[in-house]
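Comments concern the structure below.
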């Protein structure tokens with residue numbers, strides 16, 4: 001059977017599926033043999049999701065008594081006897097592939113006569129409802145981390161803190177969308193005592209669906225900027241989306257956010273319990289004072305307002321002042337979760353950045369600041385300030401690529417980025433992409449800042465090799481679409497692949513553990 005490649009899985013997705021499907025299905029068959037009654041039937045799921053008989057075609061009606069292994073989206077997370085839901089831009093070919101590889105039935109936007117199909121106007125809503133049912137089997141408290149900037153850093157710090165006292169389950173990499181969270185919710189390990197989950201706001205309505213699945217006890221809201229603003233049209237639209245995390249929270253749920261940001265300070269209603277953190281305001285529940293950045297990392301004191309106590313925090317290999325905010329989020333979350341302050345401080349000291357997110361390492365005598373997974377003006381300013389605090393003997397170079405999803409604010413955003421670099425200590429700005437090139441031509445800058453613009457990656461790499469010498473520092477910052485990680489891999493291959501391997505291995509192990517978990521049991 002042949003499928004349209006534009007509507008089906010990519011070659012990489014099919015390769016991953018070829019490895020993961022047999023492993024996951026083998027585990028599923030073993031669990032099913034021991035306790036088949038722990039699985040819901042298709043009829044039971046339809047009842048929960050308010051799916052009427054008219055929405056099922058004739059082939060789907062024949063499978064109402066079939067035991068369902070879970071709710072999936074086609075690809076590496078597909079499992080035998082699952083319900084495969086059509087999400088985002090999935091085409092009919094994806095659903096046909098899923099049925100051919102063992103799915104019991106599909107949820108689609110329109111009827112597909114030759115496969116078992118449930119027709120739903122909003123498949124994503126059905127997916128959220130069904131995954132929430134599976135999530136109800138587990139009472140593991142969840143902590144959601146969301147926002148435009150810094151959510152991955154905050155998530156990893158919270159994980160490091162939680163691990164000091166509890167068996168902690170945390171999503172790996174960028175598994176923060178509805179399909180990922182829904183699948184993860186069905187495979188929470190039995191030994192897990194706390195769950196930390198990053199939440200994306202890339203499409204309208206996604207946070208509401210994720211909140212219904214996740215049911216977070218704690219929600220950490222980081223800084224909010226113009227990321228994904230093209231999807232929402234305005235900052236107000238983004239704020240409304242972030243606020244919808246409350247939909248699935250219990251009445252006694254706690255929000256942790258920053259008092260320093262105007263849009264987060266007033267984001268939630270007064271009847272919601274909110275814990276504020278701040279880098280300067282002692283009126284916040286948890287504030288930082290005596291912030292020092294040295295050659296070994298970041299030091300500061302955490303002031304707890306209620307008790308008046310002060311706790312010394314140290315984060316080695318962290319050189320950005322704004323990371324103290326992420327540490328305060330983690331500290332507050334730890335206290336709210338009943339973790340002893342001394343364990344919280346140990347967890348913060350154990351935190352390490354990785355991959356291409358605020359990762360600082362040495363390569364051929366050059367200090368590399370790799371932070372090119374995402375970018376908005378606030379995060380670029382923070383990265384530039386961090387580089388300014390690092391003492392170097394050589395040239396300071398900033399490699400800045402285009403920022404995506406800025407909509408009508410495109411010109412304004414990119415001009416602001418040039419101004420940020422102009423106000424920093426950088427000697428050389430290398431831009432990559434049409435948007436940054438246009439911004440450079442229309443934005444004044446100091447004479448001591450040399451600017452060169454590139455549209456060709458090879459030419460950019462050649463200039464980086466020429467400009468970055470021993471004793472200097474180079475910042476890589478852009479939206480992921482610019483793929484500045486390829487520039488790092490080309491110019492500093494040994495250091496890049498060493499760091500990439502150290503970052504990827506735990507994620508690979510984590511993904512296979514989730515695929516093979518099958519640990520949820522129906523509550524009596």
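What follows draws every value from the coordinates through simple rules; no lab data is involved. Remember, predicted model here, so these are calculated numbers, not experimental data. Cβ sites come from the backbone with ideal geometry, for glycine too, and all protein chains shown count toward neighbours.
Helix 151-162 and the longest principal axis of the C-alpha atoms of the chain enclose an angle of approximately 80°. Ordering 114, 285 by the number of other Cβ atoms within 10 Å of each residue's own Cβ, fewest first, gives 114, 285.
With the convex hull drawn around the C-alpha atoms of the range 181-290, the volume per residue stands at 121 Å³. Distance between the modelled labels on residue 450 and residue 174, one decimal in nanometres: 3.3 nm (7 Å Cα→Cβ projection).
Computed packing ranks the peptides 83-93, 235-245 as 83-93, 235-245, most packed first, by mean other Cβ atoms within 10 Å.
On a 0 to 90 degree scale, rounded to 10, what angle separates helix 410-422 from the longest Cα axis of the chain? The two axes meet at around 40 degrees. Each DSSP beta bridge with both residues in the chain is either parallel or antiparallel, and the antiparallel ones are about 30%. From its DSSP helices (H runs of at least four residues, each -39,500 (n - 2.57)), the chain gives a residue-normalised ellipticity at 222 nm of -11500 deg cm²/dmol.
Most tightly packed first, judged by the mean number of other beta-carbon atoms within 10 Å of their residues, the peptides 117-125, 246-254 read 117-125, 246-254.
Pairing the Cα long axis of helix 457-467 with the longest principal axis of the chain, what angle in degrees results, from 0 to 90 and rounded to the nearest 10? It is inclined by approximately 40 degrees.
Placing a label point 7 Å from the Cα of residue 109 along the Cα-to-Cβ direction, the residues of the range 194-227 with a backbone N closer than 19 Å are 202-207, 209. By other beta-carbon atoms within 10 Å, ranking 291, 390, 344 with the fewest at the front produces 291, 390, 344.
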